[in-house]
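Structure, as structure tokens:
The values are calculated or read from the model by the stated rules, or taken from the named source; none is laboratory data. Predicted, not measured: the structure shown is a model, and the values here were computed from it. Please note: Cβ atoms are built from the backbone with ideal geometry, for glycine as well, and neighbour counts cover all protein chains shown. For the accessible areas, the whole protein counts, side chains as well, though only heavy atoms, and no ligand, DNA or RNA atoms are used. Shrake-Rupley method; radii C 1.70, N 1.55, O 1.52, S 1.80 Å.
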Amino acid sequence: MSAPSVENGSSGANGFPGEMRRGPNILLILLLGYLFLFIFRPFELYDWLADFHLERTYMIGLLLCTLFFPKNGRVINPYTGALLFFFFAMCLSAFFAYDPDIAWEQTGEYSKLMIFYVVILLSVQSRRDLRIFLSAFVVVMAIYVGKSLWEFFMYGRHIIRMDTLRLLAVGRTYADPNSFAASILYSLPVAVALFRTHRGRSGRLMLAGYGLLALVALVLTGSRGGMLGFLFYLTVLWVRQRRKLLFGIMAMILVLGTWIFMPETYHERMLTMVDSSINRSATVSAHGRIKGLRNGVNLFFLAPLTGFGPGNYDRVVSRVGEYSQKKPHNLYGQILSEMGLAGLIPFCWLAVLLLLTPRMMRNQSPGFDNKAARKDFSYQMAVACQEVTLILLFMGNVSHNLFRYNWVIMAAVAGLCLQYAGERAENGAPTPASGAVTYP
């Protein structure tokens, strides 16, 4: 495996001044190993691996390697500032938390994501490295989803909720059907961006295969929020299309085809979103998301500055007299109740930065404003970051995804895309409008 490096005055295989081939990026290879451990989590699937503490040991080794191997990644970018601000808010909120032990435990878990963020920025050292990293992300997700479906069909691994047999993810972290459906959703924009910029037919077929696999798993989770999120993503894609009529017809065929092949019990579950008489418990569950937001707002007025501490929602929700569940199941109720204004401000800052990433890239390199630039890999990944953020915010209406790893990974990817746009402008590289090949 080889990747381009930056050296002023050289002209590389991609046609960009300042890029040339170099040897294997050892840090990237090690990072891909950690990515597999982080998402697939084999030590949760096979109990005998748990005693080895693989994830922790591997990350310590990876951190040590960053001290010795060459690296030219940049950690300083707008997203780093937003994440540091948010982490500082977590620490402040934990200091004044209702139950500090729970708050500091949650903060400690998030600190691991911050380390992961830094390692990504240091290990991914070129556009080609970024393509490899994100391709590996989709491959690991495909293994994760595929293994979960294998366990479902071959060994009957599932859970029955509200009279519906629902697919579980392998392992324990994010194994819940709703969490699993969300994980699948957040991976789709990355797969679509890779599909748009991939030149090989075999690669496109594999990405399309992952899309089909993801859709099957999404249906079998029985997650109403997941299906709403999928429809929302199709709407986002439709808005971006120049040929809206053609894409709209194709999207309708996909949705109708999915509905036709969906088992009857899943039909009934989806219909509970519009007919409360079908299943009373399903209706109560849906109303719980609204109650989570209401509880969060009420708790916010009790502790508006720092909230009650990360992870403390279930400890204090009884104070507002609408206790019905241990988790808020609502991003906005979660951040208001647990972190108050201290967490809300940096969270909004990070979300806005992610949403504005494509615009910031166009501002740094005006060539991105033309049609040809839409096929540029780094630009398409910036668009994917924007789309994942939109889905995260939408899914926040039905889930408490404030501390999910997807926010941090997308921030790292957005920071790298912005860095490469800046390097392109600084080095005087030809813009896509001039006909340069833009694939890393």
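Details
- Among the residues of segment 211-232, those that are in contact with a Ser or Thr (Cβ under 8 Å, 6 or more places away or on another chain), open to solvent by less than 10 Å² (accessible area, probe 1.4 Å) and in a helix (DSSP H, G or I) comprise ALA214, ALA217.
- Selection within segment 8-61: residues that are touching a Gly at 6+ places or on another chain (Cβ under 6 Å) and over 15 Å from ARG127 (Cβ atoms). The member of this set that is modelled with the lowest pLDDT is ASN8.
- Residues satisfying the stated conditions in segment 194-212, i.e. touching a helix residue (DSSP H, G or I) at 6+ places or on another chain (Cβ under 8 Å) and of a type in the set (Lys, Arg): ARG196, ARG204
- Selection count where residues are out of contact with any helix residue (DSSP H, G or I) (no Cβ under 6 Å at 6 or more places or on another chain) and either surrounded by fewer than 21 Cβ atoms within 10 Å (Cβ to Cβ) or of a type in the set (S, T, N, Q) (or both), scope segment 120-130: 2
- Going through (1) polar (S, T, N, Q); (2) open to solvent by less than 30 Å² (accessible area, probe 1.4 Å); (3) under 21 Å from HIS400 (Cα atoms) one by one, ASN77 falls short only on (3).
- Only one entry of ASP369, ASP376 meets the criterion of being crowded, with 19+ Cβ neighbours inside 10 Å, modelled with pLDDT under 95 and farther than 27 Å from ILE39 by Cα, and that entry is ASP376.
- Total residues in segment 32-62, condition loosely packed, with under 14 Cβ neighbours inside 10 Å and at positive phi: 1
- Here THR66 fulfils each of the conditions (1) open to solvent by 30 Å² or more (accessible area, probe 1.4 Å); (2) farther than 28 Å from GLY309 by Cα apart from (1).
- Here ILE391 fulfils each of the conditions (1) modelled with pLDDT of 95 or more; (2) open to solvent by 20 Å² or more (accessible area, probe 1.4 Å) apart from (2).
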